[in-house]
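The values are calculated or read from the model by the stated rules, or taken from the named source; none is laboratory data. Since we're looking at a predicted model, the values are computed, not measured. With ideal geometry, Cβ positions are generated from the backbone for all residues, glycine too; neighbour counts draw on all protein chains shown.
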2 protein chains.
Amino acid sequence: MAAWWSWGERPARVQAEASRILTDLERTWGPLPSNVDVRVALPRSQPEVVQQLREAVGAVSVHDEAEARMRHAIGQSYPELLDARRGTLRHAPLAVVMPTLGEHITATLKAVRPLGLAVLPYGGGTSVTGGVAGPDDPYIVLSLRGMRALRRVDRASLVATVDAGMNGTELEAALAKEGVTLGHYPQSFERSTVGGWVATRSVGQFSTGVGSIAELVAGLRAISPTGDIVLPAQPAASEGIDLRELLLGSEGRCAVITEATLRVRPRPEEQRVAAWRCASFAEGAEVIRALLQEGVAPELVRLSDDVESAMLGVPSGALLLIGAEGTANDVASMAERVGAVIGTRASPLDAPLAARWYETRFDAPFLRDALIERDVIADSLETAALWSDLMELYVKTRGAIARALDPGGRTIVLCHVSHAYATGASLYFTFLAPGGDDALARWTAAKRAALDAIVANGGVVSHHHGVGRDHREWLAKRYGNATRIVDAIAAAFDPTRMLAANRAGPVRTMPAAAR
Amino acid sequence: MAAWWSWGERPARVQAEASRILTDLERTWGPLPSNVDVRVALPRSQPEVVQQLREAVGAVSVHDEAEARMRHAIGQSYPELLDARRGTLRHAPLAVVMPTLGEHITATLKAVRPLGLAVLPYGGGTSVTGGVAGPDDPYIVLSLRGMRALRRVDRASLVATVDAGMNGTELEAALAKEGVTLGHYPQSFERSTVGGWVATRSVGQFSTGVGSIAELVAGLRAISPTGDIVLPAQPAASEGIDLRELLLGSEGRCAVITEATLRVRPRPEEQRVAAWRCASFAEGAEVIRALLQEGVAPELVRLSDDVESAMLGVPSGALLLIGAEGTANDVASMAERVGAVIGTRASPLDAPLAARWYETRFDAPFLRDALIERDVIADSLETAALWSDLMELYVKTRGAIARALDPGGRTIVLCHVSHAYATGASLYFTFLAPGGDDALARWTAAKRAALDAIVANGGVVSHHHGVGRDHREWLAKRYGNATRIVDAIAAAFDPTRMLAANRAGPVRTMPAAAR
């Protein structure tokens, strides 16, 4: 059985790929430790408080078994996974409440107030930025996974109303029965939920064409400590500050998102990915810029730098993946438009390369587990910037990570453009280095160095992973005074700081001295 | 010379069109009063306060001549224009401050605090919803029209940084010299400013393809009573609540917007509008829905109902205008895609009809002046809704306006779809009725009835005119409790309510009894 903290049962292809990578790494780094099973110490339970909570919420399920508490104690940031492997969970919920109705949530918020507990809304638990890290105060998790129905599909308007607790797999399966699709595929697709997508302004792999979740939200419902928020679905409005934008990216600080009405489309007849080889990463970026600035926006645009391209089977130059979906006509017409812009600036590669990426597109979290098991530091971070800043940002961030993660020079940094716009693009960095007793300190140094480089070179703090607890310092560095307005918004929704994200808690990116 | 309160010097074609319409109206309604020149009484000046202000702001221009105060006392809502015609301006600024640098704005905000004056940022003054109506307290206008330079164009990223005080004509002229365009054409284009567009989430006539100003903003700078806000240009981000969204739609409640970095495109080689005839308004709406839902989004999509179509020269059925711009290739390819979706569901109309709309596309405000001069109530309001609600919303809103504006049945209501989306569309109503002593009361009744019908039938309070003072009541009706969060945001930016929009002031849509 998969470890409780892992992404899940590993497919055979991932196991094989992991073995291949680990063999390669051991050739360069020397032997890596083998996997050791660990027993995790949970912060102590408080059965009397849980009993009071149970009485107050009545019919709502409340779980305080160790298994439920452990599973909801962490997200997927590297320090959290490391803690789980080292047997020290510093924070864990006293209990996991599992509402199946909106009124359960209202009842729960009412019940925790006199008990002095904080509440942490939890969907798929896939945050890699400390977005589901518990506060220092006693808290409960409010799992949205009990709410996962497709409520209705408005075919005339092409919108679907869905519960916030549905994960990607469940959502697309339910929509498929209705002949429609959302087409939002973050790498965490199989576990992350609609509510989590909205709360973090998530972006999917096929979002260059379709747009981020922010562009797919037509309406929202949420329950805040100060009342219900009902934002009916609408195509567009000039109604002052857009209230939807106060929940999009709210990251658990404003309200529990319970329902979203999302733009859907007819299910695509085809989804096709083609692979191209560009002379270099910089030249590939120019090709993408040309595409987007000429209004050619395929659903998927992904360009790997030379190191990543080599790992993906392109020994020199940069691997460019272009994917389209829709009717057979749409896909053919997009291929033609892409080909016209690319011209001779890239050469087509064999189909199996693209097919392989497509088949393994949700595998990275499994692979990461396999590496962390062997004490490899394995993590990623991402940013975005204007085209005029992009290559400088790439070089500086890459260098900062490599130097800080392993002064001995053993860091491997991969990078790809994951999403593109007419104005700029994202950069997604993956980094690997051998672990050891100082793994956390080196990870912290690398993350700090990367974020400092990003902010100094015009990059956004995150393109699609969110702020969480770990990125707040750099949000303040990038926006200064303006971030206090977000605190004021959180305070207006949650004046007593009932929501966990509004309480003090662990920030793993702080220098060790300040922690 | 044009009257001070008018849109400006009227082109000859407008004068001719106005005569034609007025003759038609008189045939049905009987004789309309002829134009009378009025002398306006301004609220008293306070030279000593203005003197203190002048000393405090130093080099910044301060105007307190009657002309400057009058011109900045009103926007373009019907009640404001009526007041100007009837010689009673209830509110006027004590002075108009005209900064040419950001530091002038900071100095002005600092100077007015001890004088207890409110500050009203003013761009083109084109709000039709009481967005530039002064507060009940003494106030000054901060005109942004002293700041109107194109700062820089980043060609690689296709973004241009511009001063907030530039109006549409100035902006496009400056961009044209650089070979690029913004392509944002609200009907107020010739007078409204970049800052006003951002503050109201403005939408242009060619926005069905390009998107609203919210989608064109990459970065912003603003000066709030509690400090500067600098939001660097970026393609996309997941950085929590999007700070740009706190200025977009802020309508003078948060900060003085001073600069925007906007997405631009190469100047189009061609801009082409084609006219079609649909069997009915409902059938035309279905054609537009098919276009947008098949991913065919021409820059301009405009569909008139039967009454408006008749006025525009199409005696039966509904006039559909479809416009595209770009390279000759783009325009031809869009025409082909549009034709393929439309098939036999609409028939092409003669080119002069489309050409005439294009030539007169910014004329409506001039025409309105000519009608108001003859005591015709002439106004418009707009909304948007999902496709599944649209036709019911149309019928209900139209009926509500007609009944309330003139119980005698003389109201003329025209409507068009001005913007379309895959999920729904906007409805833009224009209404005319004879005036008289009770004109304001009847206008108020019609506006209230329309907004009640809109909110009851799933429409947004405004699609592109904004909230202003006049729509706030319905924002609260539509969103309830959630609107208090916007008040909290305004309070965080402006805790002492220095900005005029955060003070009590005239709300012309309140029932007379409550006013």
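A few notes on this one:
- From A:117, A:101, A:89, A:150, residue being closer than 20 Å to residue A:2 by Cβ and over 20 Å from the mean Cα position of the chain (by Cα): A:89
- If you go through the range B:396-433 and keep only what is touching a residue at least 60 places away in the same chain (Cβ under 8 Å), more than 14 Å from chain A (Cβ to nearest Cβ) and buried (at least 23 other Cβ atoms within 10 Å of the Cβ), you end up with B:397, B:415, B:416.
- If the condition is being in a helix (DSSP H, G or I), hydrophobic (A, V, I, L, M, F, W, C) and out of contact with any Gly (no Cβ under 8 Å at 6 or more places or on another chain), then the range A:373-401 contributes A:391, A:395, A:400, A:401.
- When residues of the range B:472-492 are limited to those that are more than 8 Å from chain A (Cβ to nearest Cβ) and aliphatic (A, V, I, L, M), the one surrounded by the most Cβ atoms within 10 Å (Cβ to Cβ): B:490
- Residue check, residue A:381 closer than 27 Å to residue A:191 by Cβ and either more than 14 Å from chain B (Cβ to nearest Cβ) or in contact with an Asp or Glu (Cβ under 6 Å, 6 or more places away or on another chain) (or both): no
- Entry remark, the range B:493-509: residues being among the hydrophobic types (A, V, I, L, M, F, W, C), more than 7 Å from chain A (Cβ to nearest Cβ) and in a helix (DSSP H, G or I) number 2 in total.
- Residue B:308 vs. criteria closer than 24 Å to residue B:14 by Cα, in a helix (DSSP H, G or I) and touching a residue at least 12 places away in the same chain (Cβ under 8 Å): yes
- Taking the criterion of being surrounded by 24 or more Cβ atoms within 10 Å (Cβ to Cβ) and part of a strand (DSSP E or B), the residues of the range A:276-291 that qualify are A:276, A:278.
- Evaluation of residue A:469 against (1) out of contact with any strand residue (DSSP E or B) (no Cβ under 6 Å at 6 or more places or on another chain); (2) within 11 Å of chain B (Cβ to nearest Cβ); (3) buried (at least 24 other Cβ atoms within 10 Å of the Cβ) (one fails), failing number: (2)
- Candidates A:79, A:93 - the one that is outside any loop (DSSP other than H, G, I, E, B), surrounded by 12 or more Cβ atoms within 10 Å (Cβ to Cβ) and in contact (Cβ under 8 Å) with a residue 24 or more places away in the chain: A:79
- Taken together, the residues in the range A:414-450 that are more than 29 Å from residue A:513 (Cβ to Cβ), β-branched (Val, Ile, Thr) and not in a loop (DSSP other than H, G, I, E, B) amount to 1.
- Residue within the range A:325-342 that is loosely packed, with under 15 Cβ neighbours inside 10 Å and either assigned by TED's automatic domain parsing to the domain that holds residue A:387 or among the polar types (S, T, N, Q) (or both) present: yes
- Positions within the range A:45-65 being among the polar types (S, T, N, Q) and assigned to a helix (DSSP H, G or I), in sequence order: A:51, A:52
- All positions within the range A:327-356 that are farther than 23 Å from residue A:289 by Cα and outside any helix (DSSP H, G or I): A:327, A:350
- Residue B:272 vs. criteria in contact (Cβ under 8 Å) with a residue 60 or more places away in the chain, in a strand (DSSP E or B), over 26 Å from residue B:469 (Cβ atoms) and among the charged types (D, E, K, R): yes
- Inside the range A:215-270, residues that are of a type in the set (S, T, N, Q), within 21 Å of the chain's Cα centre (by Cα) and within 7 Å of chain B (Cβ to nearest Cβ) make up a count of 1.
- Sole residue being under 30 Å from residue B:4 (Cα atoms), in contact with a helix residue (DSSP H, G or I) (Cβ under 6 Å, 6 or more places away or on another chain) and at pLDDT 95 or above, chosen from B:413, B:461: B:413
- One residue from B:482, B:453 being part of a helix (DSSP H, G or I) and either of a type in the set (Lys, Arg) or closer than 14 Å to residue B:382 by Cβ (or both): B:453
- Condition met for residue A:154 (modelled with pLDDT of 95 or more and within 14 Å of chain B (Cβ to nearest Cβ)): yes
- Of all the criteria given as (1) within 17 Å of residue A:130 (Cβ to Cβ); (2) outside the structural domain of residue A:140 (by TED's automatic domain parsing), the one not satisfied by residue A:77 is (2).
- Residue match in the range A:327-334 (condition: more than 12 Å from every other protein chain (Cβ to nearest Cβ), without any contact (Cβ under 8 Å) to a residue 40 or more places away in the chain and either over 16 Å from residue A:425 (Cα atoms) or within 22 Å of the chain's Cα centre (by Cα) (or both)): yes
- Inspection of the range B:116-134 identifies no residue that is under 24 Å from residue B:171 (Cβ atoms), surrounded by fewer than 19 Cβ atoms within 10 Å (Cβ to Cβ) and in contact with a strand residue (DSSP E or B) (Cβ under 9 Å, 6 or more places away or on another chain).
- Any hit, the range A:294-303, residues being assigned to a strand (DSSP E or B) and among the small types (Gly, Ala, Ser): no
- Strands (runs of 3 or more DSSP E) wholly inside the range A:136-247 that include at least 1 residues being free of Cβ contacts under 8 Å to residues at least 40 places away in the same chain: A:150-154, A:217-224, A:227-231
- For residue A:455, the conditions (1) more than 12 Å from chain B (Cβ to nearest Cβ); (2) surrounded by fewer than 21 Cβ atoms within 10 Å (Cβ to Cβ); (3) among the aliphatic types (A, V, I, L, M) all hold with the exception of (1).
- Within the range A:273-295, one or more residues are farther than 30 Å from residue A:21 by Cβ, within 12 Å of another protein chain (Cβ to nearest Cβ), modelled with pLDDT under 95 and in contact with a helix residue (DSSP H, G or I) (Cβ under 8 Å, 6 or more places away or on another chain).
- Checked against the criterion of being within 30 Å of residue B:23 (Cβ to Cβ) and surrounded by 23 or more Cβ atoms within 10 Å (Cβ to Cβ), the candidates B:312, B:349, B:320 yield just one match: B:320.
- Residue ID - farthest from the other protein chains (Cβ to nearest Cβ), chosen from residues in the range B:177-202 that are among the aliphatic types (A, V, I, L, M) and touching a helix residue (DSSP H, G or I) at 6+ places or on another chain (Cβ under 7 Å): B:194
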